[in-house]
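Structure record follows, encoded as structure tokens.
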């Protein structure tokens, strides 16, 4: 039914799985990307975003499942650049070739005339360096060249992998407006990124994956409200740890989740502000602060994916640089461990990982990986 | 929420390019590969070095022989172009490997295969363009150096038409096929330095191994290794006088063409099945 309405332009993945030896990069991924909107593709590093992009473009063959663009596997499209434009990797060019010759060779592959090459060079603002070898290009110029290649064939479907990497603020604004304009013309725009703030401004719809599995497929506003880490910050008088513990116990007893921030404030989730105030009053604790905190997309995202992060940074102790202290030369300096970053976000609601809320999922033909046995998010 | 796709009743106006879309074909890929091969410096460099080697060494030998008063009355004069062409084969192999492996090295292959998902079409275009570039340049160079040698060494007997044909057209075809073999090896190995090393091994190893196989029981193997080594086959193309074993006449051309075709078949299979 969707085929006829969206015709040519929909990207549809069904049960997409990719294994490299024992490692599963993408597991049972099903989603649809529709025309007319910018669809953001989010996930932590190593979540499988690029692998998925490569499978959409037929560069990698899925181990299981399939992905089609307008009903056809990409490798069977009769004239790919006229239908699908892609920017995968800004550095995927032969550095010894000039920007113009690079684009010309791509244009000729689908019978696009050379004057179109000059046209897109103007669109991305590279006309002055068109005859320069792309080896000397900055990352931002490389991104512009990659975007030019994607735009060459005036395609109906566009895929961009991290398009704003290395761009200056002017370039970021330009890309943002370009994506929106392309989508408003009725094209399908699929953009991967890990810049949440950027996605919040650009995308209308989000597909979030973590460890190769679908975490969410919904509109940006739904995503924030479903995964919001809204909380109340409660501060008791400094120097009265006993009253903080008392309040903490009272709040937990009332069913709230309480986390302690590094500076001693409490993060309370699960209770409305008046109730917190009442509880504090009831247990005779004075409050210095009781403030609501609304989550940004970034926080909602971090909260959702924190269980699915593969590469987590640790504090650099620089222990490998310092020489072993000689005995008798004073006590070794005490290292004060920083509060780990992950403690900053409230724990995900039960079942938010792997059991992606299927609210905005427009019933894809194959079963979405949302696990029906998992309890629905209470919010 | 304003995302249009959620307003199920109002589908977005569909976008279609004002310029009609036609099917892409091999001719497009050929034009593209021609642009690629002429727009990188490695092509210019390898072909220039090749020209210097073939013409330079050919002329040097001719001039040296002319002044040495050696008896060359019964020599096949064109054979003196052999040494230059043998050295130039390194350039051809390098260019053949780079045509493919540089795309892997830079990541350009992903851009190419995104713009043309038919991998066989890309490889066919690459192979055809590369073959023609090498064949035409070698043909021109061997014709030039042959003419120069014949005019300098005018005391020797004039080459027959058959000799002319084989040591220009035949040698060029042989060299271009050797280049195709390198191109296929480039697809299989995907790494410039590795593939070039492998190809130099293919050219040199049989002769080197033959030299060390001076064992009575292995005499047949030694002879075969020598006869079918690439330098010897190239020499046979110039003159097979006194050659009584191994390939003769036009056989080196057929052998090299068959080997290159087999390697290319492997390259097609691997390229179509492998992830990029």
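The values are calculated or read from the model by the stated rules, or taken from the named source; none is laboratory data. Note that the structure is predicted; figures quoted are calculated from it, not measured. Heads up, the Cβs are rebuilt from the backbone with ideal geometry, glycines too, and the neighbour counts pull from every protein chain shown.
Within the range A:1-24, is there a residue that is within 8 Å of chain B (Cβ to nearest Cβ), under 23 Å from residue A:198 (Cα atoms), touching a residue at least 12 places away in the same chain (Cβ under 8 Å) and within 23 Å of the chain's Cα centre (by Cα)? No; the residues of the range A:1-24 include none that is within 8 Å of chain B (Cβ to nearest Cβ), under 23 Å from residue A:198 (Cα atoms), touching a residue at least 12 places away in the same chain (Cβ under 8 Å) and within 23 Å of the chain's Cα centre (by Cα). Any residue at all in the range B:107-126 that's more than 30 Å from residue A:157 (Cβ to Cβ), under 14 Å from the mean Cα position of the chain (by Cα), buried (at least 20 other Cβ atoms within 10 Å of the Cβ) and modelled with pLDDT of 95 or more? Within the range B:107-126 (the criterion being more than 30 Å from residue A:157 (Cβ to Cβ), under 14 Å from the mean Cα position of the chain (by Cα), buried (at least 20 other Cβ atoms within 10 Å of the Cβ) and modelled with pLDDT of 95 or more), the answer is no, since none of the residues qualifies. Of the residues A:35, A:73, the single one that is touching a strand residue (DSSP E or B) at 6+ places or on another chain (Cβ under 9 Å) and either buried (at least 21 other Cβ atoms within 10 Å of the Cβ) or more than 10 Å from chain B (Cβ to nearest Cβ) (or both) is A:35.
Among the residues of the range A:25-74, which ones are part of a helix (DSSP H, G or I) and more than 18 Å from residue A:199 (Cα to Cα)?
Within the range A:25-74, the subset part of a helix (DSSP H, G or I) is A:49-56, A:74.
Result: A:51, A:52, A:54, A:55, A:56, A:74.
Between A:109, A:103, the distinction of being within 15 Å of residue B:36 (Cα to Cα), crowded, with 23+ Cβ neighbours inside 10 Å and more than 9 Å from chain B (Cβ to nearest Cβ) belongs to A:103 only.
Checking each residue in the range B:23-41 for being part of a helix (DSSP H, G or I) and at the interface with chain A (Cβ under 7 Å from one of its Cβ atoms) picks out B:28, B:29, B:31, B:32, B:35, B:36, B:41.
Checking residue A:157 against (1) free of Cβ contacts under 8 Å to residues at least 60 places away in the same chain; (2) farther than 20 Å from residue A:43 by Cα: exactly one of these is not met. Which one? The failed condition is (1). Residues that are in contact with a helix residue (DSSP H, G or I) (Cβ under 8 Å, 6 or more places away or on another chain), surrounded by fewer than 19 Cβ atoms within 10 Å (Cβ to Cβ) and either under 21 Å from residue B:18 (Cβ atoms) or away from chain B (no Cβ under 14 Å) (or both) within the range A:112-143 comprise A:113, A:114, A:116, A:118, A:123, A:125, A:127, A:129, A:140, listed in sequence order. Do we find that residue B:96 is surrounded by fewer than 22 Cβ atoms within 10 Å (Cβ to Cβ) and either within 14 Å of chain A (Cβ to nearest Cβ) or in contact with a helix residue (DSSP H, G or I) (Cβ under 9 Å, 6 or more places away or on another chain) (or both) in this structure? Taking the combined requirement at face value, the residue does not satisfy it. Looking across B:225, B:271, one residue alone is within 14 Å of chain A (Cβ to nearest Cβ) and surrounded by 14 or more Cβ atoms within 10 Å (Cβ to Cβ). It is B:271. For residue B:165, the criteria (1) in contact (Cβ under 8 Å) with a residue 24 or more places away in the chain; (2) more than 15 Å from the chain's Cα centre (by Cα) hold in every case but one, which is (1). Only one of the numbered conditions (1) facing chain B (nearest Cβ under 9 Å); (2) more than 22 Å from the chain's Cα centre (by Cα) is not met by residue A:146, and that is (2).
Residue B:62 falls short on exactly one of the conditions (1) more than 14 Å from chain A (Cβ to nearest Cβ); (2) under 17 Å from residue B:138 (Cβ atoms); (3) touching a residue at least 40 places away in the same chain (Cβ under 8 Å), and that condition is (2). In the range B:121-147, the residues that are more than 21 Å from residue B:99 (Cα to Cα) reach residues that are not in a helix (DSSP H, G or I) with C-beta atoms within less than 8 angstrom, at least six apart or across chains, in these pairs: B:146/B:159.
Residues in the range B:60-84 that are modelled with pLDDT of 90 or more and touching a helix residue (DSSP H, G or I) at 6+ places or on another chain (Cβ under 6 Å): B:61, B:62, B:78, B:79, B:80, B:81, B:82, B:83, B:84.
Kindly check whether there is at least one residue in the range A:220-227 that is modelled with pLDDT under 90, buried (at least 17 other Cβ atoms within 10 Å of the Cβ) and more than 14 Å from every other protein chain (Cβ to nearest Cβ). Yes - at least one qualifying residue is present in the range A:220-227.
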